[in-house]
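Trainee: Sharing a structure with you now.
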Amino acid sequence: MPTSAALERRLLAEIMKIPVIDVHSHVPAKEPFARSLRDLVGYHYFTSLAHSAGMDKAVLADDAPDEEMIPVLVEALAAADNTVQYGWLMELARVLFDFPHERLTPDNWQELAESVSRKAKVRGREREILRASSVEKVFLTNAFDENLRAIDREIFVPSLRADTLVFSFTDKTVRKSLAKVTGVGVEDTKSLQRALEKLFERFKSNGAASVAISLPPQLKVFPVVESDLDTALGKADQGKPLSAAETANLQSGLLFAFAQMCGRFELPFQMMCGVIRGAYRHGVYQGRDLLQAGDTLRSLMPLLNAFPEVTFCLSVLSDSQAQELASYGWLVRNVVVSGHWWYDTMPAYIERDLAARLQCAPKTKLLGYYSDMYKLEFGLPKLNMYRRVLARVLAWDLVGTGRGTEQDAVTVARLLLRGNPQRIFKV
Amino acid sequence: MPTSAALERRLLAEIMKIPVIDVHSHVPAKEPFARSLRDLVGYHYFTSLAHSAGMDKAVLADDAPDEEMIPVLVEALAAADNTVQYGWLMELARVLFDFPHERLTPDNWQELAESVSRKAKVRGREREILRASSVEKVFLTNAFDENLRAIDREIFVPSLRADTLVFSFTDKTVRKSLAKVTGVGVEDTKSLQRALEKLFERFKSNGAASVAISLPPQLKVFPVVESDLDTALGKADQGKPLSAAETANLQSGLLFAFAQMCGRFELPFQMMCGVIRGAYRHGVYQGRDLLQAGDTLRSLMPLLNAFPEVTFCLSVLSDSQAQELASYGWLVRNVVVSGHWWYDTMPAYIERDLAARLQCAPKTKLLGYYSDMYKLEFGLPKLNMYRRVLARVLAWDLVGTGRGTEQDAVTVARLLLRGNPQRIFKV
Amino acid sequence: MPTSAALERRLLAEIMKIPVIDVHSHVPAKEPFARSLRDLVGYHYFTSLAHSAGMDKAVLADDAPDEEMIPVLVEALAAADNTVQYGWLMELARVLFDFPHERLTPDNWQELAESVSRKAKVRGREREILRASSVEKVFLTNAFDENLRAIDREIFVPSLRADTLVFSFTDKTVRKSLAKVTGVGVEDTKSLQRALEKLFERFKSNGAASVAISLPPQLKVFPVVESDLDTALGKADQGKPLSAAETANLQSGLLFAFAQMCGRFELPFQMMCGVIRGAYRHGVYQGRDLLQAGDTLRSLMPLLNAFPEVTFCLSVLSDSQAQELASYGWLVRNVVVSGHWWYDTMPAYIERDLAARLQCAPKTKLLGYYSDMYKLEFGLPKLNMYRRVLARVLAWDLVGTGRGTEQDAVTVARLLLRGNPQRIFKV
């Protein structure tokens, strides 16, 4: 039976105090926060909504001055002022930049722009933002050939992004760059393993805590015989075209090789499942990818089965897989259920998915939320959105149905936002 | 945090005043309202439920007199008096026909039958019904060879139904009829374009505001090379059988040709996605079609990409696609998210889908609800069902979470029910 | 508009009084209740959660003594004390075994173990449990070669499990056992029919009320020509390997043959759709099966169409099919919507699915809940979970929206828990 809204408020207050470990973001280590308003409204969540609502995307050209671009974007965004994304923008503007207005308009955007520029000059701004957001550490997503030395490891945690190596391995510049950073030219399975070993050693010694990759819908993965992987790697090395079967061998072989290294180096493998890159041809930058309804994790099973000692932190993009993911968390020992990703990050989905996860899967196998943000400022409103849903679900479902006490609910919240990330990624 | 139920009631009162533009129905222009009770209970929503609950479908024979058919149907329907569909019938009986009983029974159906017959004779009955339903205009779905002259365009808006031409083009009578109404015999791509041009001209000059089609699940659509379409059209013209590949070319080619004409004539293309016609062989008339779980819009992407200037108003039949559709509305500029169709029109689905749409997509890209009705009387209960859910979602989600004020909520409701249809279809 | 929580409480009180007919379980007729605590915590719902949360599965070895196994299992289970499954265990411990603690721990498990052993010796314990659970009759799932004589038919109802015959027919021991119990060696379609006839006669004369089978996702079923089935059965009989096409013919042919016998013997066919057996290789016993998101009932349609006189009671394992299943119940006369199965039996799913079913399908075509239990004790907490959701949905949706009165709600509850099972299975 429902308990009171007062409980929900008390839980939210406790939840706000938990210092979050944010296990996935795209924050650039060197420019982690916004230097200008453009850095904020240029986030694909806003440009894609404005474009979808009718804005000409030519407006977004890199050389268009703020004075031209921003008012047009802001005006188009008004059509989306009902959305949660718009709400993020207004919440961060209010909390992080003292912006006093309810809506961003062509008349008041300069006020916000000035505040953003001013705050950008504050020393330790990144820490100020994290403090205001109740975030302790933020995972980055680093290119395999990125310099990791400069990363401020007190607040940032590197992760190796595997997408480019797995899906663009036939690209000459990719292989060249891999050879350069590892000192190993890959021409067969053995040299691949040596190269990955070097790569993982470098990441590990620089504090990397995970490997991350995004996968297309219904990607078939399967164990590849060494000689078949040799053939595919050899052709790639020689610049010869690969058949469809060889490409499949190459991608699965690389994925298995990464998983094997994850095992050896004790790094969890974060997989974001189900994104169709470039599906919408006319979209803005980073606004062309879509999900696919009816996708399934089944095709990943051979990989999950092959590496029982590797922890796979899985996210899905399609809401039609939500129960499948929760069930994997329930049953499959090396699967951790992670966050609420992109098109699936709306409260309407989070609420039901979170309730179901907490009903069926061990509380130790859930990563509550990651920001997926490109600038630190977005952690605050995205996490707050999640925190509100979390407080509601814990109050009305966990405590309200008698499965746990108020104290249990706080314990669960701590695990989801901090304890599980700490234990799983050893940070 | 939740606000009060009082807000929900105030919003509903405001929503009831908005004159709706109903963008999709099957109302026959010449017989738009019920002449007899049979016209109402003969709606497939009721015959299929009664049959599913055990009624012999022979009862529905055209020559069975009302006195035989209706009591049997009414008795069988009692097994479904828990349903929303049954609720529609009772609500319209009460409001439009002053029927005083809570249930329709073999003992009281004649009372309703008399009221229906009596009201049918009232002059201007169609306007009376629309007034009671708070509906201003109703879109029709017109066969390509239908006479459009007689349509009362003050209240009705013609739409060209494309199903027959796209999916039954090899049917000789279809091609003959097309030749007759356009004066063009289609034998290749060029003559197809001329015929469609004539067809669209006629519809446009008669006030048509859209083209509408229903599509089977996972229909693959793709751009067809002109010579391949020539071959398929030629074979169809000569009455020769088409291979599976040629049939696919024909259907995709026709679909692309329709979309092209939509672009030239500035007509939105309404697509109802995912119906398997005739799936249940033993069903009653119009009660044989089903949805398919796990269907996806992905296969439509080539069409949506090919005509960025055409507005596609998409509905889906499978609940497992709800988030996919909402995400298309969010990202894809030429996609409008439309209504809650057929098996997906239950409040349990509408509530969550509507909340999600309002959370993620621009408010200008949502068509709230269309009736899909066969007689005008059904607009009232179906729309009222939607209006109640809309009031609830706006109160508890939009206003309750602080994303908008009460006035914003009314603005959103106006857009969904009236403003967006007006702007998108230019009516 | 919402009515009061008081209504929900009153409905729950009424619902608790309804003597349930539980139409699907795996209770062994000879050992229907727990002899020891191990019989309870050894249920796959707990061993799989404990293993998933990190427990070494070697602990579960048959020869590991309780003193070693149980504390380790109990300790691992603490990580899942947030779950509904854990809640089942604590509820049955409290109600059926007077266990006074909120959690099961390595320190208090022996207290519960003693209580279980003590209660096991009470004469008529199975009836005591059923009384406490408000359950009148429980369906069993019997192997085709099981002895049915010993079954206590006052409380148990046999059902013929078809899985082994349909999916392991090429297994020599299976065919031998079939020959032994029927006196018919199957070598072609005709002898298959004779054997099934004997089998069904035996089950029918022993009070069997249904046939039950679980099916893998997207199983293609189709009518098989007799000569093709002859070929497949002949090869199986001769121990020759079957091609993929022949295997498909064999399985579809067997499924159709079972359905045909269901028609002749007037037995409903219970189908649990969508389980991938052995998907997770490293799972514990009975903890290796998974669902598949995006599965569909469409491929079953040929079977449903071919036997309009056979009642198919369908359950699905994937939440993405929930609306599809409800729609089949709405439209397809010989389909009954049954229960909430396994990964789909969490309240988060049940609540929405139940609301939707009650909104769209005749109340006479819904089987509310079956326990799927392995020991009688689990009926109590699983059914109570369902009853609470049922009371809530009836209160807030059926009564709250005005589709029915409080008395109607009780009537619906009676149908779902008792009246429909009685009528559909003639028990």
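The values are calculated or read from the model by the stated rules, or taken from the named source; none is laboratory data. Predicted, not measured: the structure shown is a model, and the values here were computed from it. Note: ideal-geometry Cβ built from the backbone for every residue, glycine included; neighbour counts use all protein chains shown. Surface areas here come from the heavy atoms of the whole protein model, side chains and all, with no ligands, DNA or RNA. Shrake-Rupley method; radii C 1.70, N 1.55, O 1.52, S 1.80 Å.
Trainee: Looking at region B:290-306, which of its residues are more than 30 Å from residue A:53 (Cβ to Cβ) and polar (S, T, N, Q)?
Mentor: Correct list: B:292 only.
Trainee: Take the residues in region B:171-195 that are in a helix (DSSP H, G or I) and among the charged types (D, E, K, R); name whichever of them is farthest from residue B:223 (Cα to Cα).
Mentor: Of the residues in region B:171-195, the ones in a helix (DSSP H, G or I) are B:172-182, B:189-195.
In the following step, the residues that additionally are among the charged types (D, E, K, R) were identified as B:172, B:175-176, B:180, B:190, B:194.
Working: B:172: 25, B:175: 23, B:176: 26, B:180: 28, B:190: 16, B:194: 19 Å.
Top of the filtered list is B:180.
Trainee: What's the number of the condition residue B:427 fails, among (1) in a helix (DSSP H, G or I); (2) in contact (Cβ under 8 Å) with a residue 60 or more places away in the chain; (3) more than 25 Å from residue C:401 (Cα to Cα)?
Mentor: Just one mismatch for residue B:427, condition (1).
Trainee: Here's a follow-up. Please pick out the residue among C:191, C:210 that is open to solvent by less than 30 Å² (accessible area, probe 1.4 Å), hydroxyl-bearing (Ser, Thr, Tyr) and touching a Phe, Trp or Tyr at 6+ places or on another chain (Cβ under 9 Å). Give the steps one after another, and end with the answer.
Mentor: Values: C:191 fails: touching a Phe, Trp or Tyr at 6+ places or on another chain (Cβ under 9 Å).
None of the other options fit; the residue is C:210.
Trainee: I would also like to ask the following. From the list B:106, B:100, pick out the single residue that is surrounded by fewer than 15 Cβ atoms within 10 Å (Cβ to Cβ) and in contact with a helix residue (DSSP H, G or I) (Cβ under 6 Å, 6 or more places away or on another chain). I'd like the intermediate steps shown before the answer.
Mentor: Numbers: B:100 fails: in contact with a helix residue (DSSP H, G or I) (Cβ under 6 Å, 6 or more places away or on another chain).
Unique residue meeting the criteria: B:106.
Trainee: Still on this model: Go over the candidates C:391, C:395, C:348 one by one and state the one that is over 18 Å from residue C:272 (Cα atoms) and crowded, with 24+ Cβ neighbours inside 10 Å.
Mentor: Values: C:391 fails: crowded, with 24+ Cβ neighbours inside 10 Å; C:395 fails: crowded, with 24+ Cβ neighbours inside 10 Å.
Criteria check complete, one pass: C:348.
Trainee: While we're looking at this one, here's another question. Given A:198, A:235, A:204, which one is outside any loop (DSSP other than H, G, I, E, B), at negative phi, touching a Pro at 6+ places or on another chain (Cβ under 9 Å) and open to solvent by 10 Å² or more (accessible area, probe 1.4 Å)? Before you say what the answer is, go through the steps one by one.
Mentor: Numbers: A:198 fails: touching a Pro at 6+ places or on another chain (Cβ under 9 Å); A:204 fails: touching a Pro at 6+ places or on another chain (Cβ under 9 Å).
Step by step, each of A:198, A:235, A:204 is checked, and only A:235 is outside any loop (DSSP other than H, G, I, E, B), at negative phi, touching a Pro at 6+ places or on another chain (Cβ under 9 Å) and open to solvent by 10 Å² or more (accessible area, probe 1.4 Å).
Trainee: Considering only residues that are outside any loop (DSSP other than H, G, I, E, B) and open to solvent by less than 30 Å² (accessible area, probe 1.4 Å), which ones fall in region C:13-40? Break it down into steps so the answer makes sense when it comes.
Mentor: Start the filter on region C:13-40 by keeping residues that are outside any loop (DSSP other than H, G, I, E, B), which leaves C:13-16, C:20-22, C:37-40.
Within region C:13-40, C:15, C:20, C:21, C:22, C:37, C:40 qualify.
Trainee: Related question: Just need a number here: residues in region B:360-391 that are out of contact with any Lys or Arg (no Cβ under 8 Å at 6 or more places or on another chain) and either modelled with pLDDT under 95 or in a helix (DSSP H, G or I) (or both).
Mentor: Residues meeting the conditions: 18.
Listed here are the residues, each with its yes/no results for (1) at the interface with another protein chain (Cβ under 7 Å from one of its Cβ atoms); (2) of a type in the set (D, E, K, R).
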residue	(1), (2)
B:301	yes, no
B:330	yes, no
B:349	yes, no
B:357	no, yes
B:368	no, no
B:372	no, yes
B:387	no, yes
B:392	no, yes
B:397	no, yes
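Trainee: Where the second residue is of a type in the set (S, T, N, Q) and the first is on the phi > 0 side of the Ramachandran plot and lies in region C:260-288, which pairs have Cβ atoms under 6 Å and are six or more apart or on separate chains?
Mentor: C:274/C:318
Trainee: Here is a further query. Open to solvent by 10 Å² or more (accessible area, probe 1.4 Å) and away from chain C (no Cβ under 14 Å): does that describe residue B:407?
Mentor: Working: open to solvent by 10 Å² or more (accessible area, probe 1.4 Å): yes; away from chain C (no Cβ under 14 Å): yes.
Spelling it out, residue B:407 is indeed open to solvent by 10 Å² or more (accessible area, probe 1.4 Å) and away from chain C (no Cβ under 14 Å).
Trainee: Look at residue A:133 and say whether it is open to solvent by less than 10 Å² (accessible area, probe 1.4 Å), closer than 30 Å to residue A:94 by Cβ and within 19 Å of the chain's Cα centre (by Cα).
Mentor: Details: open to solvent by less than 10 Å² (accessible area, probe 1.4 Å): yes; closer than 30 Å to residue A:94 by Cβ: yes; within 19 Å of the chain's Cα centre (by Cα): yes.
Against the criterion (open to solvent by less than 10 Å² (accessible area, probe 1.4 Å), closer than 30 Å to residue A:94 by Cβ and within 19 Å of the chain's Cα centre (by Cα)), residue A:133 qualifies.
Listed here are the residues, each with its yes/no results for (1) at the interface with chain C (Cβ under 9 Å from one of its Cβ atoms); (2) under 28 Å from residue A:51 (Cα atoms); (3) more than 15 Å from the chain's Cα centre (by Cα).
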residue	(1), (2), (3)
A:275	no, yes, no
A:279	no, yes, yes
A:288	no, yes, yes
A:308	yes, no, yes
A:320	yes, yes, yes
A:338	no, no, no
A:344	no, yes, no
A:378	no, yes, no
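Trainee: Now for a different question. In region A:55-75, which residue that is touching a residue at least 40 places away in the same chain (Cβ under 8 Å) and open to solvent by 20 Å² or more (accessible area, probe 1.4 Å) is farthest from the chain's Cα centre (by Cα)? Even if it seems obvious, please write down each step before you answer.
Mentor: Kept after step one, since they are touching a residue at least 40 places away in the same chain (Cβ under 8 Å), are these residues of region A:55-75: A:57, A:60, A:66, A:70.
If we keep only those that are open to solvent by 20 Å² or more (accessible area, probe 1.4 Å) too, we end up with A:57, A:60, A:66.
Numbers: A:57: 25, A:60: 24, A:66: 28 Å.
Looking at the filtered set, the residue picked out is A:66.
Trainee: Quick one: would you say residue C:89 is within 14 Å of another protein chain (Cβ to nearest Cβ), buried (at least 20 other Cβ atoms within 10 Å of the Cβ) and not aromatic (Phe, Trp, Tyr)? Steps first, answer last, please.
Mentor: Details: within 14 Å of another protein chain (Cβ to nearest Cβ): yes; buried (at least 20 other Cβ atoms within 10 Å of the Cβ): yes; not aromatic (Phe, Trp, Tyr): yes.
Yes.
Trainee: Kindly evaluate residue C:223 against the criterion of being under 23 Å from residue C:304 (Cβ atoms), surrounded by fewer than 19 Cβ atoms within 10 Å (Cβ to Cβ) and not polar (S, T, N, Q). Lay out the reasoning, then the answer.
Mentor: On the way: under 23 Å from residue C:304 (Cβ atoms): yes; surrounded by fewer than 19 Cβ atoms within 10 Å (Cβ to Cβ): yes; not polar (S, T, N, Q): yes.
Considered against the rule, which asks whether it is under 23 Å from residue C:304 (Cβ atoms), surrounded by fewer than 19 Cβ atoms within 10 Å (Cβ to Cβ) and not polar (S, T, N, Q), residue C:223 comes out as yes.
Trainee: If only one of B:158, B:241 is surrounded by 14 or more Cβ atoms within 10 Å (Cβ to Cβ) and either under 30 Å from residue B:320 (Cβ atoms) or of a type outside the set (Asp, Glu) (or both), which one is it? Walk me through how you get there before you give the answer.
Mentor: Values: B:241 fails: surrounded by 14 or more Cβ atoms within 10 Å (Cβ to Cβ).
Just one listed residue meets the conditions, B:158.
Trainee: Give me the residue from region C:244-256 that is open to solvent by 10 Å² or more (accessible area, probe 1.4 Å) and in contact (Cβ under 8 Å) with a residue 12 or more places away in the chain and, out of that set, nearest to residue C:165 (Cα to Cα). If you could, list the steps in order and put the result at the bottom.
Mentor: Of all residues in region C:244-256, those open to solvent by 10 Å² or more (accessible area, probe 1.4 Å) come to C:244-249, C:251, C:256.
Add one more test, that the residue is in contact (Cβ under 8 Å) with a residue 12 or more places away in the chain, and what stays is C:246-249, C:251, C:256.
On the way: C:246: 16, C:247: 13, C:248: 14, C:249: 14, C:251: 9, C:256: 12 Å.
Ranking the qualifying residues of region C:244-256, first place goes to C:251.
Trainee: Identify all residues within region C:302-333 that are surrounded by 20 or more Cβ atoms within 10 Å (Cβ to Cβ), among the hydrophobic types (A, V, I, L, M, F, W, C) and in a helix (DSSP H, G or I); write none if there are none.
Mentor: C:303, C:304, C:322, C:325, C:326, C:330, C:331
Trainee: Could you give every pair whose Cβ atoms fall below 6 Å, whose first residue belongs to region A:153-181 and is more than 15 Å from residue A:235 (Cα to Cα), and whose second residue is open to solvent by 10 Å² or more (accessible area, probe 1.4 Å) and among the acidic types (Asp, Glu), counting only separations of at least 6 or pairs across chains?
Mentor: A:177/A:145; A:181/A:145
Trainee: Is it fair to say residue A:293 is without any contact (Cβ under 8 Å) to a residue 40 or more places away in the chain, at the interface with another protein chain (Cβ under 7 Å from one of its Cβ atoms) and either crowded, with 24+ Cβ neighbours inside 10 Å or in a loop (DSSP other than H, G, I, E, B) (or both)? Give the derivation first.
Mentor: On the way: without any contact (Cβ under 8 Å) to a residue 40 or more places away in the chain: yes; at the interface with another protein chain (Cβ under 7 Å from one of its Cβ atoms): yes; either crowded, with 24+ Cβ neighbours inside 10 Å or in a loop (DSSP other than H, G, I, E, B) (or both): yes.
Criteria met by residue A:293.
Trainee: Can you tell me which of C:48, C:52 is within 14 Å of another protein chain (Cβ to nearest Cβ), in contact with a strand residue (DSSP E or B) (Cβ under 9 Å, 6 or more places away or on another chain) and surrounded by 16 or more Cβ atoms within 10 Å (Cβ to Cβ)? Don't jump to the end; show me each part of the working.
Mentor: Values: C:48 fails: in contact with a strand residue (DSSP E or B) (Cβ under 9 Å, 6 or more places away or on another chain).
After applying the criteria, what remains is C:52.
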